[in-house]
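Q: First the structure, which I've put down as structure tokens, then a few questions once you've had a look.
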Amino acid sequence: MSISKIQTEFATQDLQFISIHASGAVIESDNKLIQFKKQDFLQQFHPFFEIISSFFEEGKKHMSFKCVYINGRIFDIDIVDNDTEKGVVILREGTAFYNRLQEIAQKRNESLVFNEVLEFKNEILKEKEEFKDRFIGNFSHELRNPLTLITAFSSMLLKSDLNVEQESLIESIVSQSHRIKEIIDDIVDLSILKRKTISLEQKQFDFYNLLEDLRINHQTRAQEKGTQLLIQCDPTVPKIMMGDERRISQVMSNLLEHALHFSEGKEVKLEILDNQRRANKISLTIQVHCVTGIIPQKFKNDNTTIPKDKNNINASNLGLSITEELLRLMDGSLSSTSNEEGHSLIQAKVKLFVPFRVSETPVAIKKVRNELKLSQKINVIIAEDYGVAQLTAVKVLVSSGNFATEVYSDPKDLLEAVQHKEYDVILMASSISQIDAIELLGMIREFGNNHNSKIPAIALSTKSKPEELKEYSKAGFKDVIKKPYTDDEVLSTIYKRLNLKKFK
Amino acid sequence: MISKKIVIVGHFGVGKSSLIKRFVEDVFIDDYKVTIGVHILKKTVKTSDKEINLIIWDTEGAESVEELLPAYLLGTHGFIFVCDVTRPKTFENLQEQLDLLSTFNKLAPILTVGNKSDLLPKGTIHEAKEAMPFLDVLTSAKDGKNVQRLFEKMAKLIIS
Ligand SMILES: Nc1nc2c(ncn2[C@@H]2O[C@H](COP(=O)(O)OP(=O)(O)OP(=O)(O)O)[C@@H](O)[C@H]2O)c(=O)[nH]1
Ligand SMILES: [Mg+2]
């Protein structure tokens, strides 16, 4: 074979030349790749060739197409003008090459699309979370004002002359409104915990003191139910440990609450077991047994961990959901077992640290001044635009006999008052007629007369998240009283924040 | 019978091939087979009085029309720009893309399509339409919603 023959053979191996008429009819074809007969219409073979008509209509000289699928094979196709009303179609087969390319594109696109969808889903989740937080915020805000009135007034009523029957009625109101307050706090807590914005403390604390506090706090509740409360702690559990004392106390308290709530038996027992110790790490099991007639629905037929169905949270096991979230944050876990007779055991596993060196911790002193009688009245402004809340604050203050109150629900009137009169303290709701308390305090500082520009301010807030409370102190509020409050809380906070010598 | 060239463009994975498969063969395949280059299919549609052959060019997915070979787009009678309603990225710079398409044939009508409407939460179709006013049609290649109508609408636009 001559070299030129070999040359053309190899150069045209994957090529086919078809000369055509402008109508798409085949004039001549070398049929190296696809078999055509003279007078076949290419567009009948495959719709790609419909392009031929516009090629001639638009008077093109040359068009080049890459990677065109024709009946299961893949070609690069050129159309070249050749004489009037005639042309040449050149097919170059690239099936193997393009199939390889397709595999690469497949991998790339799949991961790109996957990431985009994921991104979008996260976006939606975030929006939902934000909506939920706003909803919970509003909902707790709406509940706190009426609840404040109930707690404060019933606590005041209890101090008046009542017969036994009346007293027990009011006591139930007090305890039930306390329960509602706990539920609201729990709901807000849970929404924070879920977002994990909460931070844990790592401080030294006295575990035995904590157990003692726990016993005192739940004793009364147990007595009311006719149940005996037992707290047992392995003697090997160290007295001083490191961790988030408040959260651990919350965990134990929730377990006890839960056990007390469902217990109809003679005793409720909280046990603390020392599992193991490695270096300065200690792992504890905190468990409650309850002898109960009722098994909470959530735990029926459940021998493993708490089910993940969070849609079904009701008030009584809301506490447990919170406990579970808290433990999760502390790398612990919560599980429960129950048997046919309704005996159940709830176990919390938690890891704490044992400090190498025990440092002296100052003891916190709690002081409450109650039956205080002042000879001079304290002039207080109540800035609050919500009727029920105004009434509550006024009644609580006036009934102590120590206050002269003025209520403002319009920021304009309030600003006028601080220009002309002198006051001793201001109690301010989170917002008054759309103006935020923090902003309003700034305006009082700016526009009030000399005396009032330094007036101590106390916020009466329906907010309860730590970062929100921090905002108040940053803005210059001396203290924050969280709604719902009791009469004693309001009075003692005001007394604490004022120089009382002036009024004696 | 007259033949008209329609080109379908849009980001990868928005369902271009699936829409055509639904229209031409009335089937849907859940697996994603990435298109490279172009696939050309044909289907005859009947508008009020005429029958026309739609020659449908299914192009490979691209983030911009600029990435496509100009030869694919030449001599086009109508463009369909497909987005995926669950992926905002696929309609981020829509207007710019439509302008680019117009440069190939100023007279060719363009329909913008939001595909995968079946993935929208139930009862939010109306909301979605309001949120994405730049879309002409919401379709689902999966359940076939509006697919036929889309191509018929295009056919009508082309012959009028
Ligand atoms: N749920 C749903 N999925 C769809 C729909 N249309 C397409 N899909 C899926 O989306 C994926 C991509 O579909 P294709 O039709 O291949 O997308 P394409 O736009 O042709 O993709 P490229 O060729 O890469 O540009 C496949 O897994 C399809 O099953 C739809 O209407 N609803
Ligand atoms: Mg495709």
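Nothing in this text is a laboratory measurement; each read-out follows from the coordinates by a stated rule. Since this is a predicted model, take the numbers as computed values, not measurements. In this analysis, Cβ positions are derived from the backbone assuming ideal geometry, glycine residues included, and neighbour counts consider all displayed protein chains.
Q: Could you give P(r) for the range A:1-46, binned at 10 Å from zero, as whole percent values over all Cα-Cα pairs?
A: 26, 42, 22, 9
Q: Right, another one. Between A:ASP213 and A:ILE90, with labels modelled 7 Å along Cα→Cβ, what's the label distance in nm to one decimal, could you check?
A: Here the modelled spin labels are 8.8 nm apart.
Q: Moving to a separate point now. Rg over Rh of the range A:3-93, using C-alpha atoms and the Kirkwood radius, what does it come to?
A: For the range A:3-93, the value is 0.97.
Q: Give me a single rounded figure for B:27-40: the average over its residues of other chain Cβ atoms within 10 Å of their Cβ.
A: That works out to 5 on average.
Q: Moving on. I'd like the FRET efficiency for A:LYS470 and B:LEU119, computed as 1/(1 + (r/R0)^6) with the beta carbon distance as r and R0 of 25 Å, rounded to 0.05.
A: Rounded to the nearest 0.05, the efficiency is 0.05.
Q: Another question, then. Per-residue Cβ counts within 10 Å, from other chains only, averaged over B:13-20: what number is that?
A: Across the residues of B:13-20, the mean count of other-chain Cβ atoms within 10 Å is 1.
Q: Could I ask something else about it? So, in nm, how far is label A:LEU329 from label B:ILE159 when the simple model puts each one 7 Å beyond its Cα toward the Cβ?
A: 6.8 nm
Q: Would you mind computing the Rg to Rh ratio of chain B from its alpha-carbon coordinates, Kirkwood style for Rh?
A: 0.93
Q: Taking Rh as the Kirkwood radius, which is the inverse of the mean 1/r over Cα pairs, what is the Rg/Rh value for the protein assembly as shown?
A: That ratio is 1.20, to two decimals.
Q: Expressed in nm², what is the orientationally averaged projection area of the convex hull enclosing the Cα positions of the range A:122-194?
A: For the range A:122-194, the mean projected area of the Cα convex hull comes to 5.2 nm².
Q: Antiparallel as a % of all DSSP beta bridges within the range A:378-503, to the nearest 5?
A: Numbers: 2 of 20 bridges.
That works out to approximately 10 percent antiparallel.
Q: Follow-up question, since we're still on this one. Between A:GLU165 and A:GLN434, what length in nm is gained on full extension when 0.36 nm per residue of separation is reduced by their alpha carbon distance? Intermediate values should be presented prior to the final figure.
A: Details: separation 269, 0.36 × 269 = 96.84 nm, distance 4.38 nm.
Value of the extension gain: 92.5 nm.
Q: How tilted is helix A:164-195 with respect to the longest principal axis of chain A? Cα atoms for both, answer in degrees (0 to 90, nearest 10).
A: 30 degrees
Q: So how do A:HIS46, A:HIS218, A:HIS420 line up by other beta-carbon neighbours within 10 Å, fewest first?
A: By the 10 Å Cβ count, ascending: A:HIS420, A:HIS46, A:HIS218.
Q: So, one more: Taking the number of other C-beta atoms within 10 Å as the exposure measure, put A:SER168, B:SER48 in order starting with the fewest. Before the final figure, lay out the partial values.
A: Working: A:SER168 10, B:SER48 6.
Fewest to most other Cβ atoms nearby, the residues stand as B:SER48, A:SER168.
Q: Let me ask another. In which sequence would A:SER53, A:SER29, B:SER64 go, from the one with the fewest C-beta neighbours within 10 Å to the one with the most?
A: The order, fewest Cβ neighbours first, is B:SER64, A:SER53, A:SER29.
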